[in-house]
Amino acid sequence: MLIREARPDDWPRIWPFWHRIVAAGETYTWDPGTSEEDARALWMSPAKRVYVVEGDDGTVVASAYLTPNYGGPAAGIANAGFMVDPGRAGRGTGRLLAEHVLAEARDAGYRGMVFNAVVETNPAVKLWSSLGFTVLGTVPDAFDHPRHGRVGLHVMYRPL
């Protein structure tokens, strides 16, 4: 698998799995009805460094972004978002991409990374924990999960 910085013409290959994941309403706090135009602005913002993972056949199977979480004197703390095509889950792509983005964040001079709203039922919590993230706190009953009802949102952090 190849990980590289995304190009603007990658968006049409990201959108199908981005839409599928967000529309499911299980792991992201974005509106499940987000339009493609708004989704592109959220994910491909010029303030973000965006990456894609290409499978052996050249298809885009995952994407991530890296951006400052805060500004000013706190700009040394990164934030990131990750999506793996659900049809390609369970093959180590998420871990590979996460390790790449963590290295990119470190190389860019970030001192730590924070995730502001990780749905506590998200299977990725196990991945983030295995990569050294800790739960700083949980906002109880903050997320209306379509299958589990009201669940918490974790704030997770890891020093770099």
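Among the candidates A62, A24, A39, A47, the residue that is in contact with a Ser or Thr (Cβ under 9 Å, 6 or more places away or on another chain), at pLDDT 95 or above and of a type in the set (A, V, I, L, M, F, W, C) is uniquely A62. Every listed requirement among (1) in contact (Cβ under 8 Å) with a residue 12 or more places away in the chain; (2) under 20 Å from W11 (Cα atoms); (3) open to solvent by 40 Å² or more (accessible area, probe 1.4 Å) is met by L96 save one, (2).
Here is a yes/no grid of residues against (1) within 17 Å of the chain's Cα centre (by Cα); (2) farther than 25 Å from A23 by Cα; (3) charged (D, E, K, R):
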{"residue": "E54", "(1), (2), (3)": "yes, no, yes"}
{"residue": "T59", "(1), (2), (3)": "no, no, no"}
{"residue": "Y65", "(1), (2), (3)": "yes, no, no"}
{"residue": "Y70", "(1), (2), (3)": "yes, yes, no"}
{"residue": "S129", "(1), (2), (3)": "yes, yes, no"}
{"residue": "D141", "(1), (2), (3)": "no, no, yes"}
{"residue": "M156", "(1), (2), (3)": "yes, no, no"}
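Selection of the range 44-78 for residues being over 24 Å from P159 (Cα atoms) and outside any strand (DSSP E or B) yields M44, S45, P46, G55, D56, D57, G58, T59.
Within the range 101-160, being aliphatic (A, V, I, L, M), touching a helix residue (DSSP H, G or I) at 6+ places or on another chain (Cβ under 9 Å) and not in a helix (DSSP H, G or I) holds for M113, V118, V119, L131, V135, M156, L160. Being among the charged types (D, E, K, R) and within 13 Å of G112 (Cα to Cα) is the filter here, so list the residues in the range 129-160 that pass it. Within the range 129-160, just R158 meets the criteria. Filtered by the rule that a residue be assigned to a helix (DSSP H, G or I), under 15 Å from R20 (Cβ atoms) and of a type in the set (G, A, S), the range 79-100 gives a lone residue, G87.
Any residue that is farther than 27 Å from V151 by Cα, of a type in the set (V, I, T) and touching a helix residue (DSSP H, G or I) at 6+ places or on another chain (Cβ under 9 Å) - is there at least one of those in the range 70-90?
no
Within the range 72-89, which residues are within 16 Å of the chain's Cα centre (by Cα) and without any contact (Cβ under 8 Å) to a residue 12 or more places away in the chain?
Step one: of the range 72-89, the residues within 16 Å of the chain's Cα centre (by Cα) are 77-86, 88-89.
A89 - this is the single residue of the range 72-89 that is within 16 Å of the chain's Cα centre (by Cα) and without any contact (Cβ under 8 Å) to a residue 12 or more places away in the chain.
The values are calculated or read from the model by the stated rules, or taken from the named source; none is laboratory data. All figures in this text were calculated on a predicted structure; none of them were measured in a lab. Cβ coordinates were reconstructed from backbone atoms using ideal geometry, including for glycine residues, and neighbour counts include every protein chain displayed. Only protein heavy atoms, including side chains, enter the accessible area calculation; ligands, DNA and RNA are left aside. Shrake-Rupley method; radii C 1.70, N 1.55, O 1.52, S 1.80 Å.
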